[in-house]
1. Please determine, in degrees from 0 to 90 and to the nearest 10, the orientation of helix B:194-212 with respect to the longest principal axis defined by the Cα atoms of chain B, where the helix direction is its Cα long axis.
2. If the reach is capped at under 13 angstrom between alpha carbons, list the aspartates and glutamates near B:Lys237, excluding any in the same chain fewer than eight residues apart.
3. How would region D:2-72 be classified by its alpha-carbon gyration tensor: rounded, prolate or oblate, with rounded meaning a/c under 1.5 and the a/b versus b/c comparison settling the rest?
4. For region A:271-277, what does the Karplus curve 6.51 cos²θ - 1.76 cosθ + 1.60, with θ = phi - 60°, yield as ³J(HN,Hα) per residue in whole Hz, taken in order and with x for Gly and Pro?
5. When the gyration tensor of the protein assembly as shown is built from Cα positions, what are the square roots of 5 times its three eigenvalues, in whole Å, from largest to smallest?
6. Counting Lys and Arg as +1 and Asp and Glu as -1, each charge on the Cβ, what is the dipole of chain A about the Cα centre in debye, to the nearest 20?
7. Nearest 10 degrees, 0 to 90: what angle lies between the long axis of helix B:40-52 and the longest principal axis of chain B (Cα atoms)?
8. Using each residue's phi in region C:27-33, evaluate 6.51 cos²θ - 1.76 cosθ + 1.60 at θ = phi - 60° and report the 3J(HN,Hα) Karplus result to the nearest Hz, with x for Gly and Pro.
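Here, each number is a calculation from the coordinates, and none is a lab measurement. Given the structure is predicted, the values throughout are model-derived calculations rather than measurements. So basically every Cβ, Gly included, is an ideal-geometry build from the backbone, and we count neighbours across all protein chains shown.
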Amino acid sequence: MKGRDCSMERYSRQIRFASIGENGQKQLADSHVLIVGAGALGSSAAEMLARSGVGRLTIIDRDYVEESNLQRQQLYAEEDAEMKWPKAAAAEKRLGQINGWIDIQSIVGEADPQTLDKLAAEADLIIDGTDNFETRFIINDCAYKHGIPWIYGGCVGSFGMAYTMLPGKSPCLHCLLKRVPVQTETCETAGVIAPIVQMVAAHQTAEALKLLTGNQDAVAGQYRSFDLWHNQYISVKTDSIHDEACLTCGESPSYPFLEKENAMKTTVLCGRSTVQVRPAAPKELNLQTMALQARKAGYEISGNPYLLSIETGENRIVVFHDGRALVHGTSDEAQAKKLYQSLIG
Amino acid sequence: MKGRDCSMERYSRQIRFASIGENGQKQLADSHVLIVGAGALGSSAAEMLARSGVGRLTIIDRDYVEESNLQRQQLYAEEDAEMKWPKAAAAEKRLGQINGWIDIQSIVGEADPQTLDKLAAEADLIIDGTDNFETRFIINDCAYKHGIPWIYGGCVGSFGMAYTMLPGKSPCLHCLLKRVPVQTETCETAGVIAPIVQMVAAHQTAEALKLLTGNQDAVAGQYRSFDLWHNQYISVKTDSIHDEACLTCGESPSYPFLEKENAMKTTVLCGRSTVQVRPAAPKELNLQTMALQARKAGYEISGNPYLLSIETGENRIVVFHDGRALVHGTSDEAQAKKLYQSLIG
Amino acid sequence: MKIKVLLFAHLQEEAGKGEVELELQGDTVKELMAVMEKEYRLTRLPQAMIAVNEEFADEETVLKEGDSVAILPPVSGG
Amino acid sequence: MKIKVLLFAHLQEEAGKGEVELELQGDTVKELMAVMEKEYRLTRLPQAMIAVNEEFADEETVLKEGDSVAILPPVSGG
């Protein structure tokens, strides 16, 4: 392993931490972590893991660096935003300057079921750095299918949460959420401050270090949630929520989010510079709440009892009650999907 | 202010956070934060504050980047360690790539009472990024003397704490600790993992953002302490500990740590390549505990009932019960002081 | 009976505070949620996670005097 | 009386656990510290901060049945 060749002096402070030690450091060098999403959480976790000497990191992200990312996405500098560099590639570049002794593989692309299924099969652990629940449910299925742990994280405003899932032991994301959230707060709609990103990523990364160094006993079984602005911290036991009939972690799993028909669908509407986005299952959106959120976020809105139209500057997105949306001003399906998820979750 | 000229788009997600908003963003641009120490906590806080758009940052640090810093000190890359670049200068370089629209002043030097007193007079707030209590008590006096808030942070292993002190309102560090700790755990002796650094810095930086944007009501009055490996989090009320007779925050303050005679003293012993270090007040060290710590950290130790000798490779340090020490193998007083603090706290 | 309710994220903003003490008529989480929705005009409650005394619960969970209920909305950001 | 003691940092390592329940003879923090020092061989206790039920306390603080005492050592790292 490449990770083993370099001087151990650089990890000396981590080796002195008794629960890791020299043995744990070697285990880290032999580990392979998959990071899905290289936004705020993903880039913070990736940097900590690279500094800690995890031997192999695979980072997948579909996005490029934008000016508005710089306020909290720590691997990126102004130059990356000016050049609209893909996040995964920009992350690999900076991580290489930080630790040239580890293997970093960056993938610029969509974390769809097929791709993640393949990547998960080769990883020891998955870190959630995504910004939407569609991808999280795909990760959830991949992790339980391949029997590897994954660590969920999320944040918005000054509020965040982290939860570690160990297949065969922990209730999964389905059990936790019961149903797929139809409409959540996003960083686009409610904003976000840098410290909550670091706090969530700190929880995720500490859990990863425990798992990779054979300290499974130290893993928090609890779902932890906190608000740094309002000074709240809660740790919730999850034992009671496991559902035997769960299609991901129950007795007869079918991993539903790996099926194509359960994915969000996009179609380019010919000659109109418009993409139609359709959620996997019909939603029941509250357009009024959504209109308020969008207005608070500074967008022009208009609409009628059947639809809500949001003007983002570059695009206009028209959303219907059942979750269907038309994204005008683009023929790029990936961009339309991204805009949809950034506004609706 | 330089901070105001740039595009507000880069701060859009922070402006959408309702408690900051456009007004808060302008206040950040007009703010000046002094960061004392650019190690793990200092560099993490500095990066978040720079990304957040704080208009002016002053960073003081006496040290240069070493290989063993890379595991957790996020502003630095391998190149900085190879070149033994001073931390303050390396921090300024990286922060400039991250946000070229703010003023960053780096000072390569000792945070002594005279220097800090002058710097504090010009700052709106001080962030503690130091690794020793001697400097923290100097910061404490400077902050209360000039009536500006300071935010204490510390970490070792997987354990950390943060506490915000508002002169005129909060009990100070003296009231909190009663006496100056004689012998504490350091990252040198007990190791440290990257996530706890981020968690402490996240608490410090969130508090800084509240104070700089006029959200003093949201500041946590509590002393917060946590362990990410052992899943502990505690928030302790501090109202009861204020001491009216306190020489820093009591009724007749004298700011004792700004007096020269209360500082640690170093003397070069002529022709012996040895520096003598003397703590401000005599300590009562437990040499046995210290010997155990040093051995755990991987050093050769020897000694007798009167003294403990620790071989660090480059230096040999001989410590006596009363806290006095001889650092052999150097004539550099700053280096000797640094080694002393890294082993004894 | 008296119930303490902790509100997180947008719910806190909507209620104007992070902690509420109320006198509940009825004894299930479902009844509590109905009160919260009506009196504090909280939105998107049905998709929130509910914890009673720091353990996850569901709508049928029966509450008792002095329980502490936390309402945690899922958020997508990352 | 029964007291719950939470140990942090090196104290946790020395005791081998982060939480201890004990039957205290006596009723002050000082007496509790003497027991902790003797039975769990904790070092550097005199410089640690003590919190009783999440409020800072000192050696003279009087304890009562069921109190939760946290012992927080100062650490220098940063």
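1. Helix B:194-212 sits roughly 50 degrees off the main axis of chain B.
2. Once the sequence-local aspartates and glutamates are set aside, what remains near B:Lys237 is D:Glu54, D:Glu55.
3. Rounded.
4. Going residue by residue, I get x, 10, 6, 9, 10, 8, 10 Hz, with x marking Gly and Pro.
5. Output for the protein assembly as shown: semi-axes of 44, 30, 27 Å.
6. 280
7. Approximately 10 degrees, to the nearest ten.
8. Couplings: 9, 10, 4, 4, 5, 4, 4 Hz.
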